[in-house]
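Working notes, structure below.
The values are calculated or read from the model by the stated rules, or taken from the named source; none is laboratory data. Given the structure is predicted, the values throughout are model-derived calculations rather than measurements. For neighbour counting, all protein chains shown are included, and Cβ atoms are generated from backbone atoms with ideal geometry for every residue, glycine included. Ligands, DNA and RNA are stripped out before the accessible areas are found, and what is left, the full protein with its side chains, is counted by its heavy atoms. Shrake-Rupley method; radii C 1.70, N 1.55, O 1.52, S 1.80 Å.
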Amino acid sequence: MSDLKQSRPKGTQDFVPPDSERRRRAEDRFRHLAEACGYREIITPTFEHTAVFVKSSGETSDIVTKEMYSFKDRAERDLTLRPEGTPGAVRAVLENRLRLPCRLYYVGPCFRYSRPQKGRYREFGQLGVEALGEASPFVDAEVIFLGSAFFASLGIRDCTTQVNSIGCRECRTTHRDALRKYLLDRKDQLCEDCRLRIDRNPLRVFDCKVETCRHAVAGAPTPRQYLCPSCQAHFAGVLAGLDRHGLHYVVNDRLVRGLDYYNRTTFEYISASLGAQDSLGGGGRYDYLLEEFGGPDTPAIGFALGLDRALLAAPVAPAPPRRSLAFVVWLTEAETGAAEKLADRLRADGIPAQVDYDSRKVKGQFRSADAAQAACCIVIGPDELAKGVYSLKDLATGEQREVPSDTISAEVRALFRD
Ligand SMILES: [Zn+2]
Ligand SMILES: [Zn+2]
């Protein structure tokens, strides 16, 4: 690794087996859970026109101002690697004129130029759902429950769900004015960033990690104190729905989330085992976003979950010592054709099979089988071919026996442990 050009860029990861397989299993679990709630997969480009993200995440958000991987292509177009999944999904829904309501999920990498830390990468896996065209608070509750069900399915036991409401356009305006006034009175206690936020987006002050700011906003007016009756009723509906799903949650008055497009319900999943970077993901309602993209007035809600942190928080199951893989071993050159054919037959029966064509000696082939962590070897020699049998060796126990050729698939499957 002395040559820097040959190591991976800062903030990126390689996933080698079995970690790559663990990751894929988690993604599959998410697909399964989302599809069980009626969501269908949407696959959008990894990069979009930069304007898509500026417009949705908000010009003053940290994502847009500090974290985007933006570049000009050879034709001078302004493009950006997606920092999150929602804007591209919303753009695609409108561009493809999907019929509403529709429920979509996505799985894929996102990119943010931020300081790499444990569980936080510049290229990271994101899993998300978007329920478009549904306004009921019970949808919010179902979406929130789905996210927590995913973490539970990974065996994460210390995940807390926090919920809040930041109100609609109307009640947000009155809250913003009150908050602005409160912050102006305490301007000298705020960090430089937060002073700028007072005018631009005072709600963001709640996100600030600086100690003096946290102290200063301790008594600040919260969005929930200013909810209009309709927003109050919506939030009560969300909590009632969560209760019916049997989900334990904590109402956090300060949970505002760092994106401009949220309104009403916001939520976040927190894991106690992750330290400072404790968020597993979250989401909220974004009833105004489709309209801002030039689409119809459409209520919507979604979440985005961080795959990397979820896998960090989840217990790692001990890897099985053997894979569900059959290794076909040939004794002499004359049996290579039979080995090829048997491998094809096993594969057609749904059994992963591999042949080492390079090692001329049986010992070398067995070594390859061991390196591949195969569950068994099937040995074909002149005697076996003449008798119409195979020698089947269980590599976990070392036990070897003769098996009639027509039952080989069933015999091999019986040796697989998953
Ligand atoms: Zn309201
Ligand atoms: Zn601050």
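For the reader, a short list of remarks on this structure follows.
- Sequence-separation-based contact order of the chain, relative, with Cα cut under 8 Å and 6+ spacing, percent: 15 percent
- Rolling a 1.4 angstrom probe over the protein heavy atoms with all chains in place gives the stretch 124-265 an accessible area of 45 Å² per residue.
- Within a straight-line Cα-Cα reach of under 20 Å, residue 393 can be paired with the following aspartates and glutamates, leaving aside sequence neighbours fewer than 8 residues apart in one chain: 335, 340, 344, 349, 356, 370, 383, 384, 402, 406, 411, 418.
- Surface accessible to a 1.4 Å probe, per residue, for the residues of the stretch 1-75, Å²: 70 Å²
- Computed helical MRE - 222 nm, the chain, DSSP H runs ≥ 4 contributing -39500 (n - 2.57), nearest 500: -11000 deg cm²/dmol
- By the Cα gyration tensor, the chain has an equivalent ellipsoid whose semi-axes, rounded to whole angstrom, run 53, 23, 20 from largest to smallest.
- Bridge orientation summary for the stretch 296-418: considering DSSP beta bridges with both residues in this region, about 50 percent are antiparallel.
- The mean sequence separation of alpha-carbon pairs under 8 Å and at least six residues apart, normalised by the residue count of the stretch 70-199, gives a relative contact order of 15 percent.
- Taking a ≥ b ≥ c as the square roots of the Cα gyration tensor eigenvalues, the stretch 1-108 comes out oblate, since a/c reaches at least 1.5 and a/b does not exceed b/c.
- Table column - 3J(HN,Hα) (Hz), the stretch 129-137, Karplus curve with 6.51, -1.76, 1.60, x for Gly and Pro: 10, 9, 9, 9, x, 10, 9, 5, x
- Over 28 Å (Cα to Cα) - which of 72/118; 361/387; 118/187; 72/209; 10/66 fall in this group: 72/118; 118/187; 72/209
- Selection among 54, 13, 37 by position relative to the dipole of the stretch 4-86 gives 13 as farthest towards the positive end (Cβ unit charges, Cα centre).
- Accessible area per residue, Å², the stretch 274-383 with all protein chains present, probe 1.4 Å: 44 Å²
- With all protein chains modelled, accessible area of residue 357 [1.4 Å, Å²]: 100 Å²
- The stretch 278-418 - percent relative contact order, Cα under 8 Å, separation 6 or more: 20 percent
- Accessible surface of the chain, 1.4 Å probe, proportion on carbon and sulfur as whole %: 50 percent
- Quarter of Cα convex hull surface for the stretch 136-276, i.e. mean projection, nm²: 8.8 nm²
- Sparse-neighbour loop sites [trypsin sites (Lys or Arg not before Pro); the stretch 160-213; at most 12 other C-beta within 10 Å; DSSP]: 209
- Couplings 3J(HN,Hα) for the stretch 108-123, derived from phi with the Karplus relation 6.51 cos²θ - 1.76 cosθ + 1.60 (θ = phi - 60°), are x, x, 10, 9, 9, 7, 10, 5, x, 9, 4, x, 10, 10, 7, 10 Hz, where x marks Gly and Pro.
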